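The structure under discussion appears below in the form of structure tokens.
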Amino acid sequence: MKNSILYFLGALMIICCNNIPKNDFENKEESTQNQNNFKNYNGAKILIGYPKDWKLQPLKEKELFFAKNELDEFFVVLNHSKSGKINNLKSFMKLIYARLRENLRSYKGYDLYKLELSSKEVYFLKLYEEINDKEIIYYIIFTEKSDKIYDITFKTINYNSVEKFNTFLKIVTSIRIDNQYLINSKEMVLDKYPIKFEDIF
């Protein structure tokens, strides 16, 4: 259903609230205040804020930023050049689906949403996994800017934590590429809806 007064930050909160206990949202303001312990990473191609107790990791090919904490939770930003058959976000999502299908048995399921913003499209994927009796969730955002496709992943071991979710939101909305926000937290959402990968193609 279309909603012309919904913004990106609010849209993600609505999408994810089913996984977070209601009483946690009642304490959201306090949790957000506790998230102010951030510092900036200013790389050659990216400016991003992240928690001070996280450690930067060596970057591999296509990685613009990679940091993890002592719990082995991590946040990574990759960029992919558009070329050949992967020339837009839709074709990239097809590639992601092909890769996921090879490993779907290791996951407990997924939720996928499409957000149509005023300036771009965004796909938001929640991927569920269980490792050593621990519930794992990957919050993943896919979007594009100019000639690049961006793949942004946050892995957390406690997806029922509003504090972890707020960390994810704060990092995502801090990302700047070429001195411009990749996704502005107040960018208008023209439409949002759950989909399956098969609906994209």
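Among (1) under 17 Å from S174 (Cβ atoms); (2) surrounded by 13 or more Cβ atoms within 10 Å (Cβ to Cβ), there is one condition I86 misses while meeting the rest; what is its number?
Tallying (1) under 17 Å from S174 (Cβ atoms); (2) surrounded by 13 or more Cβ atoms within 10 Å (Cβ to Cβ), I86 fails exactly one: (1).
Taking segment 80-112 only, how many residues are more than 30 Å from E135 (Cα to Cα) and in a strand (DSSP E or B)?
Of the residues in that region, 3 qualify.
Find the residue count for segment 20-34, including only residues that are surrounded by 14 or more Cβ atoms within 10 Å (Cβ to Cβ) and either at pLDDT 50 or above or assigned to a loop (DSSP other than H, G, I, E, B) (or both).
1
For K114, state whether it is in contact (Cβ under 8 Å) with a residue 40 or more places away in the chain and within 15 Å of the chain's Cα centre (by Cα).
Criteria met by K114.
Looking at the structure I just gave you, is Y138 aromatic (F, W, Y), without any contact (Cβ under 8 Å) to a residue 40 or more places away in the chain, more than 27 Å from N40 (Cβ to Cβ) and surrounded by 15 or more Cβ atoms within 10 Å (Cβ to Cβ)?
No, not satisfied.
Among (1) over 18 Å from the mean Cα position of the chain (by Cα); (2) surrounded by 13 or more Cβ atoms within 10 Å (Cβ to Cβ), which single condition is N132 missing?
For N132, the exception is condition (2).
Do you know which residues across segment 155-191 are assigned to a strand (DSSP E or B), over 21 Å from D53 (Cβ atoms) and basic (K, R)?
Correct list: R176 only.
The values are calculated or read from the model by the stated rules, or taken from the named source; none is laboratory data. Remember, predicted model here, so these are calculated numbers, not experimental data. As a convention, Cβ positions derive from the backbone with ideal geometry for all residues, glycine included, and neighbour counts pool all protein chains shown.
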